[in-house]
Each structure stands twice: as C-alpha cells, then as structure tokens.
C-alpha cells in the first residue's frame with residue numbers, strides 16, 4: 001500500500017472544499033450550478049487515488065503522523081465509500097440545488113463533511129478519532145438546514161439534529177476521557193494493556209458512554225428521534241451522504257473505540273450483548289414505525305433505522321463471541337447499506353417531484369412512466385429486502401450466518417429475530433413497489449418529469465453497483481476481511 005498517498009486523501013478532499021468555494025465565488029450566479037460537476041470530479045479523483053494507493057503490497061505502513069494515523073484497509077474501505085457516494089451525491093445535487101442560493105457553501109460543506117468521514121478509518125488515537133467525527137458532523141448540521149427558505153421546517157430539523165448531536169458528542173467525550181484517566185493514553189493499540197488492571201465496572205461505564213454518544217449519531221433506538229425529520233427535510237444529496245457515508249464514519253469511530261477495551265475481562269462480552277439487544281430493538285422499532293407511513297421519504301428514513309439495527313447486530317455478534325465473521329458481516333452490510341440507501345433516497349426525491357407530494361398514494365404508476373428510474377428504484381428496494389443477486393442479500397446472509405456460526409441458543413434466537421424483521425419489512429416495501437410499478441387502478445395527476453442527467457447517472461450507477469457487488473462481492477470482500485480484525489478487542493475472553 002502507498003501509505004503516504006492513502007493518508008493524504010482526507011486532506012485532499014478537504015482541500016477540494018476550499019478550491020470549490022473559490023471557484024463558486026468566481027463564477028456568475030447562473031453558472032454556479034456547474035460547481036456540482038467540479039465537486040463530483042474532485043471526489044472521483046480522491047476515489048481513483050485511493051484505488052491507486054492499494055496497488056503496491058503491504059497492509060499498513062507507519063508514518064511520522066503515527067500514532068495519530070495509520071494507513072490500513074479499514075481506512076481505504078471507508079474512504080472509497082465516502083468519496084464514491086460523495087461524487088454521485090454532488091452530481092445528483094447539481095440540478096436540484098437552486099443556483100441562486102448559497103451554492104458556494106453547499107458543495108464545500110459536502111466536501112468538508114466527507115473529508116472527516118474518509119479520515120475515520122485511519123485513526124489510531126481515540127481523541128483524534130473523536131475530533132474527526134465532530135469535524136465531519138459540524139458541516140452536516142448546516143447542510144440539513146440548506147432548504148430552510150423553501151421549507152422552514154428544515155431549520156427545525158437541523159436544530160433538533162444539532163442539539164441531539166451535541167448531546168451525543170459530550171457523552172462520547174466523557175467515555176473517551178474516562179478511558180484516558182484509567183489508561184493514561186489515547187492510543188487504541190496501547191489501551192487494552194493499560195486498562196488491564198482497571199475495574200470492569202469503570203471500563204463498562206466508559207464503553208456505555210461511548211456507545212450512547214455515537215449511538216445518537218447512528219440513530220439507534222431510542223436515540224433516533226432526530227433522524228426522520230432530518231432525512232426527509234434535507235436536500236436529497238445531503239440525505240444520500242448522511243445515510244450512505246457519514247454513518248460509516250461514525251460506525252468505524254464507535255467500534256474502533258470499543259476495540260480499545262481489554263480483551264481479558266468480561267467487558268467485551270457484556271458490551272457485545274448490549275449492542276445485540278439495542279440492534280434487535282432498533283431493527284424491530286424501525287420496521288414497525290415504517291409500516292404505516294404515507295410519506296415515501298419517511299418510510300425510507302424509518303427503514304434506515306431498521307437497517308442500522310441489522311448492521312449493529314453483525315458487530316454485536318462479533319464482539320460478544322469474539323467472532324471475526326460478525327465484524328466482516330457488519331462492515332459488508334455497512335457498505336451495502338450506504339450504496340442502496342443513497343440510491344433509494346435520490347430516486348425517491350424524483351418521484352416526489354413528479355407527484356408534487358411525498359405521499360405514496362399519489363405516486364401510482366410513476367415507476368412505469370419513468371422505467372429507468374422505476375427499475376433502478378426497484379433494485380434498491382429488492383436489495384433492502386434481501387433478494388438474491390443484490391448486495392443486500394449477501395449482507396443479510398452474512399449477518400444471519402454469523403448468528404448461526406456462533407452456535408449458542410442466544411445467537412440462533414437473534415438470527416431468527418433477524419428473519420422475522422425481514423418479513424415485517426415486506427409489509428411496507430412490497431406496497432411501495434406495487435404502487436410505483438404496477439398499480440394502474442387509480443388515475444393520479446402527475447407533473448411532467450424530466451429527470452436531470454446528473455441525478456439519473458447517479459441513481460443508475462448506484463443501481464449497477466448494487467447488482468455488481470451482489471454478483472462479485474470479492475471486489476471488496478478481501479479489503480473487508482483484512483480490515484475486520486482492527487475492530488475486535490484483542491484476545492477475547
């Protein structure tokens with residue numbers, strides 16, 4: 001691995017924010033719409049450089065920045081996800097963001113947000129990791145409020161997101177500080193040994209604080225109340241990066257922090273059990289709340305909560321049973337979720353424009369009227385359901401397999417609960433597909449819709465990736481398998 005190049009990518013993305021701002025200020029107001037293409041091209045360059053950085057040998061090289069940053073396949077995986085979704089979100093936003101608005105702020109903030117996300121996987125220091133997550137979060141609060149002039153409720157959603165996010169920040173910082181007080185170091189690699197003689201009660205308290213703090217940002221039930229309004233009222237491109245990329249950075253921050261727990265105590269198993277319980281509650285509540293939502297975007301928002309439960313279940317099983325397969329399942333699901341949900345929200349935005357309303361009932365036959373958009377949206381929904389030939393099927397299969405491989409009554413019961421939740425999700429996914437693609441019994445007046453080229457390219461690209469990774473998962477699986485050990489507490493119990 002070309003370590004120097006890999007570690008420079010987050011800084012490169014952040015630099016793109018500065019350059020994009022300058023270019024947008026120099027352009028005429030009507031020409032600023034092309035800033036989206038420039039931002040997308042910058043993300044593509046970051047993606048290509050990260051791929052190039054993987055083409056030479058060893059897994060991770062220490063640099064003068066150590067112990068703060070370390071090149072690894074965990075960082076590469078998160079960086080590729082962030083830059084890839086960032087490119088498509090920027091391109092999709094180009095014709096959906098009012099060029100007369102503050103475009104010179106929108107795209108730089110998009111780049112700054114994902115710069116922090118791309119850096120998360122490279123961190124080897126708890127405090128640096130915490131700071132990077134916050135540097136990623138701060139621009140996202142502003143982006144959620146971007147449409148406040150069109151819809152004043154966007155400002156209220158951003159404030160709710162900000163208040164709860166800051167509460168989570170303080171809570172996570174308390175947990176990190178407690179580990180530092182006990183271990184006298186922030187270095188993730190040194191903390192397990194440094195905490196070996198510390199009371200399990202104190203370590204468990206610190207771990208719970210970190211879990212709650214980052215859990216707010218992940219939308220874990222019951223810490224999820226900010227999420228539906230935020231996802232619905234933010235611009236579609238912003239929702240795509242929030243659901244598809246920034247959550248990946250927070251997930252990595254959470255489990256990198258928990259990997260610092262000493263493995264020779266009962267604490268990892270206890271925390272793994274807590275995560276499994278929260279995962280079951282989160283997936284079940286998310287699915288049940290999505291069942292009776294008339295708003296397509298809100299259905300997808302509550303579905304995102306359920307999907308986060310599936311992801312957490314993989315990680316929880318991995319930590320509870322010291323099972324690398326669980327971590328692999330969680331990481332793979334994280335990537336799959338990011339791709340499918342980003343595409344689903346972008347497509348849903350266009351259906352909302354065509355119907356003049358987010359109500360599903362007003363979208364009768366829209367998928368058939370716009371077959372490319374409808375077919376691609378169907379791919380995302382089928383992937384979220386877990387149908388074969390999509391990346392969502394393999395993601396769910398890996399989580400289920402982790403529960404079975406653990407071979408305990410609890411893990412098998414959890415795997416069965418997982419299947420039950422898949423069945424519940426059919427209760428809202430199938431009617432959506434039926435209405436959009438097949439239901440011609442109602443004649444609903446819709447607007448003439450010309451899907452912007454950037455939006456169409458982004459949605460189709462994400463649809464192709466959803467199927468491609470479902471057929472050829474080995475494209476990313478080798479990186480994920482190499483990245484997974486970094487997220488397990490050493491040694492187990």
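The values are calculated or read from the model by the stated rules, or taken from the named source; none is laboratory data. Remember, it's a predicted structure, so these values are computed and weren't measured experimentally. Backbone-built Cβ (ideal geometry, glycine too); neighbour counts: all protein chains shown.
Of all residues in segment 214-225, at least one satisfies being within 21 Å of the chain's Cα centre (by Cα), in a helix (DSSP H, G or I), over 14 Å from residue 175 (Cβ atoms) and touching a residue at least 24 places away in the same chain (Cβ under 8 Å). Can residue 49 be described as modelled with pLDDT under 90 and either crowded, with 17+ Cβ neighbours inside 10 Å or more than 20 Å from residue 339 (Cα to Cα) (or both)? Considered against the rule, which asks whether it is modelled with pLDDT under 90 and either crowded, with 17+ Cβ neighbours inside 10 Å or more than 20 Å from residue 339 (Cα to Cα) (or both), residue 49 comes out as no.
Scanning segment 427-470 for residues that are at pLDDT 95 or above and out of contact with any helix residue (DSSP H, G or I) (no Cβ under 8 Å at 6 or more places or on another chain) turns up just one, 464.
Within segment 338-364, being over 26 Å from residue 78 (Cα atoms) and in a helix (DSSP H, G or I) holds for 350, 351, 352, 353, 354, 355, 360, 361, 362, 363. Condition check for residue 263 on (1) in a loop (DSSP other than H, G, I, E, B); (2) in contact (Cβ under 8 Å) with a residue 12 or more places away in the chain; (3) out of contact with any helix residue (DSSP H, G or I) (no Cβ under 8 Å at 6 or more places or on another chain): one failure, at (3). All conditions in (1) within 17 Å of the chain's Cα centre (by Cα); (2) buried (at least 24 other Cβ atoms within 10 Å of the Cβ); (3) modelled with pLDDT of 90 or more hold for residue 91, with the sole exception of (1).
Can you report the number of residues in segment 98-115 which are modelled with pLDDT of 80 or more and either assigned to a loop (DSSP other than H, G, I, E, B) or touching a strand residue (DSSP E or B) at 6+ places or on another chain (Cβ under 8 Å) (or both)? The qualifying residues number 1.
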